[in-house]
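Input: a single structure, listed below in structure tokens.
Where a number appears in this text, it was derived from the coordinates with a stated rule and is not lab data. Predicted model, so just to flag it, every value in this text is computed and none were measured. Cβ placement follows ideal geometry from the backbone for every residue including glycine, while neighbour counts extend to all protein chains displayed.
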Amino acid sequence: MIELVERRASIQPIKSKLKLAILDDDEIKGINETALNILEEVGVYCPSQKALRIFADAKANVDFDKKLVKIRGDLMLEHLKKAPRCYTLAGRRPELDAKIGGNDGTYFYCGGEAPNVMNFRTGVKRRAVKEDVANMARVTDYFPIVSIVWPTVSAGDKGITAPIHGMEALFNNTEKHVQTESVMGELPARYTIEMASVIAGGRDKLRERPIYGGLICSIAPLVYDESAIEAALAFAEAGLPVGFMSMPTMGLTVPPYQASTMAVGLAEVLSGCVLTQIAYPGTPNYITILPGVIDPRSGDYFYASAFSQITNAAIVQLAHYNGLPVLSGNSFGGNAYKLNSWQVGLENIYVALLAVMAGADMCFGPTGLMEAVTVLDLRRVVFDREIFQAIDIMVQGVKVNETTLAFDMIREVGPRGMFLGQRRTAKEMPKLWPPSILFEKSKVLEEKYRNPVEVAHEVIDWILKNHHPEPLDEKVRQELRRIVDAADCDENLKRELKGKR
């Protein structure tokens, strides 16, 4: 079983000895040139007057009536060069810093944000509440494989200001770097930036060590929501990292081809990056393109198509070609409807394996999510941890040296011998059988091993009872509460969240 001990939070990226390239140089150039042609000739719909003015001042082709931006290739390349290839996503402690673009390997996220949770004690599905955000944060704070924490579920009991409440729950329950993809709009972004600055010790210190950042989703094909793009500008103004995500659906919002899917998605995310670089040069950007497909028989949406996953791995090369870090892997919600099914393992193992081997800077990791990002089951985090443990072993490849060739052992034992009694065997054998919930010996005579769902239940129960991240100073906690209370009473904020300016 997993060793459960009280410990401080730590992070563990995975570095791959194995390397995977999906696209050759000509294919990369072809997709990239098509993306630039899309931006120059087709354009991106952007309803934010603020963003349109920024593009216009930079000499992009802006139609204010149609809210359409067309960006020349030379303008794109000029401003993309300003985006740093390497930067730090800071934790509350330096040892929790994710050094993006370095040589540490791939850092893992918990994705989100689901509206429902599965009560792992009763098995009953219900609406998510703020306490669920806090619980998930504590669980992912405990597991080293998670380096970056999202609000995996929504604070559904907090109404229209739920995203701001969710960030308060995260800040209070993890020491790791925190990001959001649900804080939309300039005012909501500024409220959460104020919270992060209180924790960091001021705006300047937050800029120096960004413990918080935002991820902005475009709308396929080639659209940005006004509130999303203005949140991006608020994050960038504060010096915080801003990622841009495209979620094209092959055959629906993009053509039914992998190459054009990547070209359209790349056009969307690059336009977001260029906007932040024009407005605030040097903003830490990253991109992610998560292609999906629909079942033509039912219209059901799927993340985990094999076509989607190999496409997702190829996007790593496109991001790096443009000098940008990349967040990869798009089975964060899974399509499985039952825990401990073959589908849970099938969908998650090759997604992250491909991403790590392709050299992704970040990847969606243990999430606990089921049913296409609609339900959180905390026990699945433990199942996902098993998968990532296996991936970590696989991508190390095979070590071949004098020790591992072990000719001295073979010569000593000789023909018809046994290696079990050797000292080196006793030392190495535990490494070949890492702790797992899958092979917990059963005390029931008719069962060889315990049900892993029950074991996962015990693991989560133990973490929630025993793991308590280093608490924020009480004055900081009170100030966060004051900020959230102010947001709840802010009528301008509520109007913005409702889409009324």
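How do LYS130, LYS17, LYS494 line up, fewest other C-beta atoms within 10 Å first?
On the way: LYS130 19, LYS17 11, LYS494 16.
In order of increasing Cβ crowding within 10 Å: LYS17, LYS494, LYS130.
Remark: LEU80, LEU378 ranked as LEU80, LEU378, counting other beta-carbon atoms within 10 Å and listing the fewest first. Annotation for ASP204 and PHE307: the two label points, set 7 Å from Cα along the Cα-Cβ direction, are 5.5 nm apart.
Relative to the Cα centre, what is the charge dipole magnitude of region 37-154, using +1 at the beta carbon of each Lys and Arg, -1 at the beta carbon of each Asp and Glu, and rounding to the nearest 20 debye? Could you put the intermediate results ahead of the total?
On the way: 19 positive and 14 negative charges, 71 e Å.
Using Cβ point charges on Lys, Arg, Asp and Glu, region 37-154 gives about 340 debye.
Computed on region 135-228, with alpha-carbon pairs under 8 angstrom and 6+ residues apart, the relative contact order is 25 percent. Within region 87-123, which residues have the backbone N less than 17 Å from the label spot 7 Å out from GLU479 along Cα→beta-carbon, could you tell me? Of the residues in region 87-123, 92-93 have backbone N under 17 Å from the label point off GLU479.
Counting Lys and Arg as +1 and Asp and Glu as -1, each charge on the Cβ, what is the dipole of region 417-501 about the Cα centre in debye, to the nearest 20?
Numbers: 18 positive and 16 negative charges, 78 e Å.
Taking the Cα centre of region 417-501 as origin, the dipole is about 380 debye.
Can you pick out the pairs among LYS19/LYS82; LYS130/LYS176; LYS158/LYS205; LYS15/LYS399; LYS158/LYS498; LYS15/LYS99 whose Cα atoms lie more than 22 Å from each other?
Numbers: LYS19/LYS82 28 Å; LYS130/LYS176 19 Å; LYS158/LYS205 30 Å; LYS15/LYS399 15 Å; LYS158/LYS498 15 Å; LYS15/LYS99 13 Å.
With Cα atoms farther than 22 Å apart: LYS19/LYS82; LYS158/LYS205.
Within region 1-83, the chymotrypsin sites (Phe, Trp or Tyr not before Pro) that combine a DSSP coil assignment with at most 12 other C-beta atoms in a 10 angstrom radius are PHE64.
Counted residue by residue at 0.36 nm each, then reduced by the alpha carbon distance between them, the extension gain from PHE64 to TRP433 reaches 126.6 nm.
Just to confirm the filter: which trypsin sites (Lys or Arg not before Pro) across region 389-432 are DSSP coil and have at most 16 other Cβ within 10 angstrom of their Cβ?
For trypsin sites (Lys or Arg not before Pro) across region 389-432 that sit outside H, G, I, E and B with at most 16 neighbouring Cβ atoms in 10 Å, the list reads LYS399, ARG416.
Neighbours of ALA267, meaning other residues whose beta-carbon lies under 14 angstrom from its beta-carbon, give a summed charge of -2 when Lys and Arg score +1 and Asp and Glu score -1.
Taking each residue as 0.36 nm, the span from ARG495 to GLU41 lengthens on full extension beyond its C-alpha to C-alpha distance by 159.9 nm.
Dipole size of the chain about its Cα centre, with +1 on Lys/Arg Cβ and -1 on Asp/Glu Cβ: approximately 820 debye, rounded to the nearest 20.
As a length-normalised measure over Cα pairs under 8 Å and 6 or more apart, the relative contact order of region 164-323 settles at 18 percent.
Principal-axis analysis of the Cα atoms of the chain puts helix 130-142 at an angle of about 50° to the longest axis. Note the angle between two axes, namely the Cα long axis of helix 226-237 and the longest principal axis of the Cα atoms of the chain, as a number of degrees from 0 to 90, rounded to the nearest 10. For 226-237 against the chain, the angle is about 80 degrees. The C-alpha atoms of the chain define a longest principal axis, and helix 25-37 lies at about 30 degrees to it. Before rounding to the nearest 500, sum -39500 (n - 2.57) across all DSSP H runs of length at least 4 in the chain and divide by the residue total; then give [θ] at 222 nm in deg cm²/dmol. When only DSSP H runs of four or more count, the value is -13500 deg cm²/dmol.
With the simple spin-label model, which puts each label point 7 Å out from Cα in the Cβ direction, the ASP26 to LYS399 separation comes to 4.2 nm.
Over the chain, what is the mean sequence separation of C-alpha contacts under 8 Å (at least six apart), divided by residue count, expressed as relative contact order in percent? Mind showing how you got there, number by number?
Numbers: 1058 pairs, mean separation 99.7, N = 501.
Relative contact order here is 20 percent.
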